[in-house]
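*Asks:* The structure's right below; bear with me while I get my questions together.
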Amino acid sequence: MKKSSNESATSSIYDDIDRLYQSKLARLTLGMSPAGMVEVYTAWMAQLSMSPGRLTELATFPAHRLQDALDRIGKEGLSCASDPRFRSEQWCQWPWRFYAEYFRFQEEFSELATQNISGLSPSYERAASFAARQVLDMFSPHNFIVTNPELAQKTLETGGMNLVQGAQNAAEDWRWAWRILQSASKWRPPKAKWFSETS
């Protein structure tokens, strides 16, 4: 059935609203679809909830792996973690060794919770695992002064000037990112010709 010119103009208005909203949302979310992330999360949770063996393994993970983590903390000469962020000698001293091993423990738990889930598509598995890793990395002991021996030492040596320089670098990065976001979306809704057509 052919649409009338008024119906076509009205439909065009709604399409323009959708495009405008979605372009602004894409700028806000750096191009990631919130609906897509919700879809990945719900699919992961649904498949995980139907995997009683994996849920049991996750529930008993601390009991099975905690002793191994404590043994690694207590052994001399053992590398703190395979992660290159924790390879310096300072990370092998107490309490920083504990922070590095605890982070490794959390990584192993996260991998167990998001990888090789029966019924979960490979693309959803990759997305869920990636998102979990990004959240976990935000809380890495490497990122905070009190839990990073190298950063704490550098801060003492420079009298805090490394933090000032880091803040300046971060501000410049934010300015650069903002300029990219501003120039990335030049789309504007077309002139609303329907006013003259329908008036």
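*Asks:* What pairs come out if I take residues in region 46-75 that are surrounded by 15 or more Cβ atoms within 10 Å (Cβ to Cβ) and pair them with residues that are β-branched (Val, Ile, Thr) whose C-beta lies under 6 Å away, six or more apart or interchain?
*Replies:* Final answer for the pair search is 47/117; 48/117.
*Asks:* If you don't mind, another one. I'd like to know if region 26-46 contains one or more residues that are touching a Lys or Arg at 6+ places or on another chain (Cβ under 9 Å) and either at pLDDT 85 or above or hydrophobic (A, V, I, L, M, F, W, C) (or both).
*Replies:* Of region 26-46, the ones touching a Lys or Arg at 6+ places or on another chain (Cβ under 9 Å) are none.
Among the residues of region 26-46, not one is touching a Lys or Arg at 6+ places or on another chain (Cβ under 9 Å) and either at pLDDT 85 or above or hydrophobic (A, V, I, L, M, F, W, C) (or both), which makes the answer no.
*Asks:* Oh, and also: Is it the case that region 94-101 has a residue that's within 23 Å of the chain's Cα centre (by Cα), surrounded by fewer than 19 Cβ atoms within 10 Å (Cβ to Cβ) and assigned to a helix (DSSP H, G or I)? Walk me through how you get there before you give the answer.
*Replies:* The initial filter retains those residues of region 94-101 that are within 23 Å of the chain's Cα centre (by Cα), namely 99-101.
Pick out the ones that are also surrounded by fewer than 19 Cβ atoms within 10 Å (Cβ to Cβ) and you get none.
No, there is no match, as no residue in region 94-101 is within 23 Å of the chain's Cα centre (by Cα), surrounded by fewer than 19 Cβ atoms within 10 Å (Cβ to Cβ) and assigned to a helix (DSSP H, G or I).
*Asks:* Which of the residues belonging to region 111-148 are under 30 Å from residue 162 (Cα atoms), part of a loop (DSSP other than H, G, I, E, B) and polar (S, T, N, Q)?
*Replies:* 140, 148
*Asks:* Can you report the number of residues in region 149-163 which are outside any loop (DSSP other than H, G, I, E, B) and more than 13 Å from residue 90 (Cα to Cα)?
*Replies:* Restricting attention to region 149-163, the residues satisfying the condition of being outside any loop (DSSP other than H, G, I, E, B) are 149-158, 161-163.
With the extra rule that they be more than 13 Å from residue 90 (Cα to Cα), the set shrinks to 155-158, 161-163.
The number of residues fulfilling the criteria is 7.
*Asks:* Kindly indicate whether residue 130 is exposed (fewer than 13 other Cβ atoms within 10 Å of the Cβ), modelled with pLDDT of 75 or more, farther than 26 Å from residue 95 by Cα and out of contact with any His (no Cβ under 6 Å at 6 or more places or on another chain). Walk me through it before giving the result.
*Replies:* Details: exposed (fewer than 13 other Cβ atoms within 10 Å of the Cβ): yes; modelled with pLDDT of 75 or more: yes; farther than 26 Å from residue 95 by Cα: yes; out of contact with any His (no Cβ under 6 Å at 6 or more places or on another chain): yes.
For residue 130, the condition - exposed (fewer than 13 other Cβ atoms within 10 Å of the Cβ), modelled with pLDDT of 75 or more, farther than 26 Å from residue 95 by Cα and out of contact with any His (no Cβ under 6 Å at 6 or more places or on another chain) - is met.
The values are calculated or read from the model by the stated rules, or taken from the named source; none is laboratory data. Because the structure is predicted, anything quoted here is derived from the model rather than measured. Counting neighbours? That spans all protein chains shown, and the Cβs are built from the backbone with ideal geometry, glycine included.
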